[in-house]
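The values are calculated or read from the model by the stated rules, or taken from the named source; none is laboratory data. Model, not experiment: these values are computed from the prediction. Heads up, the Cβs are rebuilt from the backbone with ideal geometry, glycines too, and the neighbour counts pull from every protein chain shown.
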Amino acid sequence: MRVGIVGATGAVGKELLNVLEKRNFPVSELRLYASPRSAGRSMFFRGQELTVEALPETPLPVDVVLASAGGSISKQYAPIWATQSVVIDNSSAFRYEPDVPLIVPEINAHAIRGHKNIIANPNCTTAILLMALFPLHKAFRAKRVIVSTYQSASGAGANGMEELLKGTKEFLAGHAIEHKTFVHPLPFNVIPHIDAFQENGYTKEEMKVLWETQKIMEDSQIRVSCTAVRVPTLRVHSEAVTVEFEQPVSPDAAREVLNTAPGVDLVDDPTTRRYPMPLTATGKFNVEVGRIRKSLVFDNGLDFFVAGDQLLKGAALNAVQIAELLQNPVAI
Ligand code: A2P
């Protein structure tokens, strides 16, 4: 396939190159696009030097566009790209449109059928949550979910990572911390505010977890309440999850389900101090799940903790997996 990456120089864009290479995706030609600021810059793919191009306003000469340059670029250009290519869009611009499939391949690969050349990649927090929640939902039927997130700086892109590193140095040197990407200084802080506040008091990031869970799991009844919090880690989103199920459930039964769930690593051995953490989940394709215990609040309830590299399963990996579905329609 001829592949184009829009936003190739960004935090997710760089991972897209890395994932295409690691998964040995059949790329016949790779074109890299970014803003005019990056035009002419070199990047490497399979040992070959490629030159970044300024994004043109025309359709792109590729079969698949992997777009990760933000919602406004996608909104403006995806309909143009879609005239000649299949667009896998990492932004939230099209996720809630009824005729745009929103895909996590381990969960709803079948929903890609009949796509109209735009396929949406989910919000990173949702994708990571659902890797653990969906297999449990299939087995025990989840009714209500309460999630608190610990989201890393890279969720806000390369600028977010840079601001955290620079701000940490500023703080340690006793200087005032400058911040632009985050609403408040992030080093040595946590910020319960990601994306815009909505009328109901939730933020848009929190509402995305509800909307996208219902769409991907094809269950409009499931209720999800999320508190999304930015924490000063560089990579990996972690989430503390409480689920009430319709059917009886036990931690052992949940472990059995998660042990064979695709894309999940069960990391759940408190005696050896093994549980999901950004430190261990960084750079991993699989999402770690652990701290599984019976809820003290809900009768058929479980509490657990997940940690997943949101630049990978929450973004680049999931996008490449969607492209792999296009490669191999028989598998859908
Ligand atoms: P650039 O590096 O030239 O600014 P991140 O999510 O890490 O912030 O990355 C955003 C990506 O989107 C970067 O590759 C960035 O390119 C790209 N981008 C930003 N604005 C535009 C634009 N107007 N046209 C094309 N690409 C853009």
Point to revise | Residues that are surrounded by fewer than 16 Cβ atoms within 10 Å (Cβ to Cβ) and not polar (S, T, N, Q), drawn from the stretch 196-228 | key: A196, F197, E199, G201, K204, E218, D219, R223
Check your understanding: For residues in the stretch 1-45 being of a type in the set (S, T, N, Q) and within 6 Å of the ligand (Cβ to nearest atom), which is nearest to N328 (Cα to Cα)?
Key -> T9
Check your understanding: Which residues, taken from the stretch 245-284, are among the small types (G, A, S) and either modelled with pLDDT under 95 or more than 24 Å from R23 (Cβ to Cβ) (or both)?
Key -> S250, A253, A254
**Study point:** Members of the stretch 152-179 found to be farther than 20 Å from G314 by Cα, of a type outside the set (A, V, I, L, M, F, W, C) and not in a helix (DSSP H, G or I), listed by number
**Key:** G174, H175, E178, H179
**Study point:** Positions within the stretch 252-278 being within 23 Å of the chain's Cα centre (by Cα), in a helix (DSSP H, G or I) and without any contact (Cβ under 8 Å) to a residue 40 or more places away in the chain, in sequence order
**Key:** N259
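Okay, residues lined up against (1) buried (at least 22 other Cβ atoms within 10 Å of the Cβ); (2) of a type in the set (V, I, T):
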| site | (1), (2) |
| --- | --- |
| P98 | no, no |
| V104 | yes, yes |
| H110 | no, no |
| G114 | no, no |
| I118 | yes, yes |
| A132 | yes, no |
| A139 | no, no |
| I146 | no, yes |
Check your understanding: All but one of (1) in contact (Cβ under 8 Å) with a residue 12 or more places away in the chain; (2) more than 11 Å from the ligand (Cβ to nearest atom) hold for E49; which doesn't?
Key -> (1)
Check your understanding: Name the residues in the stretch 54-89 that are within 12 Å of the ligand (Cβ to nearest atom) and over 23 Å from the mean Cα position of the chain (by Cα), would you?
Key -> A54, L55, P56, E57, L60
Point to revise | Any strands (runs of 3 or more DSSP E) falling wholly within the stretch 1-77 and containing at least 1 residues that are surrounded by 23 or more Cβ atoms within 10 Å (Cβ to Cβ) and on the phi < 0 side of the Ramachandran plot | key: 2-6, 29-34, 64-67
Check your understanding: Taking the stretch 114-171 only, how many residues are among the aliphatic types (A, V, I, L, M), more than 20 Å from A261 (Cβ to Cβ) and touching a residue at least 40 places away in the same chain (Cβ under 8 Å)?
Key -> 9
**Study point:** Odd one out for A173 among (1) under 20 Å from K208 (Cα atoms); (2) of a type in the set (A, V, I, L, M); (3) more than 16 Å from the ligand (Cβ to nearest atom)
**Key:** (1)
